2 protein chains.
Amino acid sequence: MRQAVPLDCEKAKALLQSTDTFLFDCDGVLWNGGDVIKDANAVVNKLQELGKKVFLVTNNSTKTRDEYVAKCAKLGFNCNEPQVISTSYLTVQYLKSLHFDKKVYLVGSSGLSREMDAAGIRHLGEGPDVMEGNVFDGRLDHIRLDPEVGAVVVGFDSHISFNKILKASSYLKNPDVLFIATNRDERFPMEHIVCPGTGTMVTAVAVASGREPTIMGKPSREVFEALRRQHGLDPARTVMVGDNCKTDITMGNVCGLRTLAVLTGVTTRADLERLVADSAADGALAPQVPELVAPQIGDLLPFL
Amino acid sequence: MRQAVPLDCEKAKALLQSTDTFLFDCDGVLWNGGDVIKDANAVVNKLQELGKKVFLVTNNSTKTRDEYVAKCAKLGFNCNEPQVISTSYLTVQYLKSLHFDKKVYLVGSSGLSREMDAAGIRHLGEGPDVMEGNVFDGRLDHIRLDPEVGAVVVGFDSHISFNKILKASSYLKNPDVLFIATNRDERFPMEHIVCPGTGTMVTAVAVASGREPTIMGKPSREVFEALRRQHGLDPARTVMVGDNCKTDITMGNVCGLRTLAVLTGVTTRADLERLVADSAADGALAPQVPELVAPQIGDLLPFL
């Protein structure tokens, strides 16, 4: 049984010896917003110098893969495009695997629209779409639906609006229209506020439409399966490093990977202690419990 | 066991003899948008002429009680303010019962803000509140929270936005801040589209904040309890007439009222048949099954 054991010197050395692939979540593990988390870039670069494979595995759908590479370069991480697995990329790969040739109604941001453009997938665009006046004054006769839409994709969208939820759920009235969500992360905790995550937008559309989406991102095991198909990874020699036990650590455990939680993001030390205690009584929580825990990823540096 | 028995001549006469109070849901029972459902006004008026008590019990929070009275007058329903129990009214009554003297952060429309104004409850207003630019460009340092806010109230809001969900969940970080929702109706079905209900807005805030709201509207039994306190109603001689089995009929059954479903709104005949069949195996569905069912409320008219 996993018990979130602290990563001491001995555990760190053993982990490095017994693994050859590191999967890193980004926000809350490598950086917070535009700030590198202490020594995270040194760890990522040093691991690669030592011959370890490194992938960045993020539920964030607001950037394209090349925008991630540019961010990495700016923040001092050595990383190229095939090393980035974002949910915008996974969504496009999924649609391509289905030979999807209709249009996408998009509730999301430019990360998704640009990945779709690059793959030749047609979509109705992103950005503000706000209803004028009181919805109950008219009969919404002005709402026009595009009969070519064959999928609704929901990612992070800071322009989420009544109009967008209405249109997304109206398209989903047709059971042949696909419902795809990048992820269901609930929130990004910040010091003075709570920033709503993609899960708030996805759940709004799910409630209005009465349908459940196919999820692209963590904890969906499809994230690791896509990597395994392309790179022939051995789960037993792969470690997932994440700050969110519900998404990162669950995906790692479900796929049979080693798991390391860091406390620089969503899951706090108090959360983790509660999780370990509660999982003893409630087996459904077990996949969220990491094998190892470290205050921050930089704590690996002395052992590299 | 209730089985949604069709309201034939005999059942209709028996119902009229054995009840003295009628609670009517509005949208989907008495009217759809601005159109009276056939003979609904004649039924409501005739019942009152025969000495029956009539109340309109709506989860809609977009209008004040006097706006409902005006709508009734326009559509030919005899009805005065004490007969209207709306969720905007219930919300204000609830806050008053707690001697609430802080400010409300409102995600809702003018029905709520005007009822609060009339009761002297301070709030931060309603209407558009949209975030400019990309939320991830900055650190959201410009978001200011009002330290006097002591409650978040969520009702139907066609101006729902990322900014509003963010502010509501940020206020709810403080466990002393109340979280009140008018209702959780999921959607209003319309011919060509799906119109999102208050439940989509409430769930978005619940997911982002990680908190569950106190619900004012049906199926909460508080709706009937408020009526009973004021008017001394006998549950066994009261019938709840509604188009939504999840809200109207559940509230009626949970409070020990007679229940009559009509098929002019949310619940279709197919839904009802599935519900009756499924409730045999799944007892949790039993409160949604009405005692009686009629195609429309006007079918009562020949017996009055």
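The values are calculated or read from the model by the stated rules, or taken from the named source; none is laboratory data. Bear in mind the structure is a predicted one, so any value in this text is a computation, not a measurement. Glycine also receives a Cβ, built like all others from the backbone with ideal geometry; neighbour counts cover every protein chain displayed. Heads up: the accessible areas ignore ligands, DNA and RNA and are worked out on the full protein's heavy atoms, side chains in. Shrake-Rupley method; radii C 1.70, N 1.55, O 1.52, S 1.80 Å.
Less than 5 angstrom separates the built amide H of B:ASN32 from those of B:ILE37, all sequence-distant by 5 or more or on a different chain. Between chain A and chain B, the total buried accessible area stands at approximately 3600 Å², from heavy atoms with a 1.4 Å probe.
For the pair A:ARG211 and B:ASP35, label points projected 7 Å from Cα toward Cβ lie 2.7 nm apart. For the protein assembly as shown, carbon and sulfur atoms together expose 50% of the accessible surface, with a 1.4 angstrom probe and every protein chain in place.
In this Cβ point-charge picture (+1 for Lys and Arg, -1 for Asp and Glu), region B:89-215 has a dipole of about 280 debye about its Cα centre.
Accessible surface for A:CYS255 stands near 10 Å², nearest 10, in the context of the full protein assembly shown (1.4 Å probe). If you take the Cα centroid of region A:148-172 and the Cα centroid of region B:58-127, the two points sit 30 Å apart. Accessible area per residue for the protein assembly as shown, computed on protein heavy atoms with a 1.4 Å probe, is 41 Å². Over all pairs of different C-alpha atoms, chain A has a mean inverse distance whose reciprocal, the Kirkwood radius, equals 20.2 Å. Pairs of alpha carbons in the protein assembly as shown separated by more than 36 Å make up 44% of all such pairs.
The trypsin sites (Lys or Arg not before Pro) found in region A:135-220 that occupy coil by DSSP, while having at most 11 further C-beta atoms within 10 Å, are A:ARG144. Here the protein assembly as shown carries DSSP beta bridges of which approximately 15% are antiparallel, counting only pairs with both residues inside.
Placing unit charges on the Cβ atoms only, positive for Lys and Arg and negative for Asp and Glu, gives chain B a dipole magnitude near 520 debye about its Cα centre. Buried on complex formation within region A:115-131 (loss of at least 10 square angstrom of accessible surface versus the isolated chain, 1.4 Å probe, ligands and nucleic acids ignored): A:VAL130, A:MET131.
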